[in-house]
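One structure below.
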Ligand SMILES: [Mn+2]
């Protein structure tokens, strides 16, 4: 990691630039056309006071066009699709955030080697390791300023970078461990050895918690204790497609997990109470939201859809509740794949729309 990296400082190897309609730096809008929706106190529609951010009105945006953690092309186009649908404009103009970060979607083509044979059963291991290392730097640069960080993926392997970067910044800034709420149909906690597919988007949690170990920096050995999180501070919501090896890992380590069964039994309101009680009110929270947690009825355009998932309102409610804690320090939205649209591209449009809704809720939009 390079703590000396400055925002907008060119990267050592420049990424392929893709023009987007993106961030106007420091272009805080202090009021909307009707002037009524923005709290001048905190700069968002919400009046929730942040416990752990020194600049809660500032949002560091990292746009990750990367799909190497799995095999279906298209998920790298998600950040552009989300931005083109107006997400960042809404965050700036309606929620009142000052946006920071880069004015480009990163494709990381400079980090993808020509030859990347499997290592310990992992597919594209060098590419995913070096791209997530770069993402960790990008997120760290924003998080160390005391900003909220929003990462738009990309497949879920990128969470190795986003969580790695924010956990390090939170430790340095506050001397604390961070909690992670992982909202997903899948647990993504396979080790390379328990994984059936070898796709790294099914493994990020095992590397982030130290369940999977590797010393070689070319294969995630760059992850240090400062980048990692405790299994005790991890909470899952929405699980319904968990491999046998993963079930064993969850049980043996006593990991807190709320499956769709728990949501059916208790309702999403009670599940969120229990999830947040487990984390406690004194712990910063990184929310990693895989759009496949939603039922395919709401989010069909994703790589590994599983029926029987969350409604859009339940997804939004999770995000609203996490925002309400005042403990949120980072948000990931991953696995939107606009090219996987069953039947027509209405599916892609709906999935992008659902993704935008989740992010706005996490960042403080409220219904009233
Ligand atoms: Mn996932």
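State whether the stretch 241-368 is rounded, prolate or oblate according to the following rule on the C-alpha gyration tensor (a ≥ b ≥ c being the square roots of its eigenvalues): a/c under 1.5 gives rounded; otherwise a/b larger than b/c gives prolate, and the remaining case gives oblate.
Working: a/c = 1.87, a/b = 1.22, b/c = 1.53.
The shape class here is oblate.
Remark: 176, 171 ranked as 176, 171, counting other beta-carbon atoms within 10 Å and listing the fewest first.
Within the stretch 55-362, antiparallel bridges make up roughly 5 percent of the DSSP beta bridges whose residues both belong there. Taking a ≥ b ≥ c as the square roots of the eigenvalues of the alpha-carbon gyration tensor, the chain is classed rounded because a/c is under 1.5.
Once C-alpha pairs closer than 8 Å and six or more residues apart are averaged by separation and normalised to the residue number of the chain, the relative contact order reads 20 percent.
Give the order of 157, 327 when sorted by the count of other beta carbons within 10 angstrom, beginning with the fewest. Write out the running numbers ahead of the final one.
On the way: 157 31, 327 24.
The fewest-first ordering by Cβ neighbours comes to 327, 157.
Our summary gives the stretch 68-181 a relative contact order of 28 percent, counting only alpha carbon pairs under 8 angstrom and 6 or more residues apart. Between 192, 73, 338, the residue with the greatest mean-square fluctuation in the GNM of the chain (Cα pairs under 10 Å linked by springs) is 73.
Taking neighbour Cβ counts within 10 Å as the exposure measure, how do 321, 71, 361 sort from fewest upward?
Listing 321, 71, 361 from fewest to most nearby Cβ atoms yields 71, 321, 361.
Build a GNM of the chain with springs between Cα atoms under 10 Å apart, and of 90, 142, 104 the one that fluctuates most is 90.
Using a cutoff of 8 angstrom between alpha carbon atoms and counting only pairs six or more residues apart, the relative contact order for the stretch 193-264 works out to 26 percent. Of all the options 92, 240, 251, the one that moves most in a Gaussian network model of the chain with Cα springs shorter than 10 angstrom is 251. Let me make sure I get this right: for the stretch 156-256, a, b and c are the square roots of the gyration tensor eigenvalues over alpha carbons, sorted descending. Under 1.5 in a/c it's rounded, otherwise prolate if a/b > b/c, else oblate. Which is it? Note, shape of the stretch 156-256 comes out oblate.
Taken together, the values in this text are just the output of simple stated rules run on the coordinates, not laboratory data. All figures in this text were calculated on a predicted structure; none of them were measured in a lab. Cβ sites come from the backbone with ideal geometry, for glycine too, and all protein chains shown count toward neighbours.
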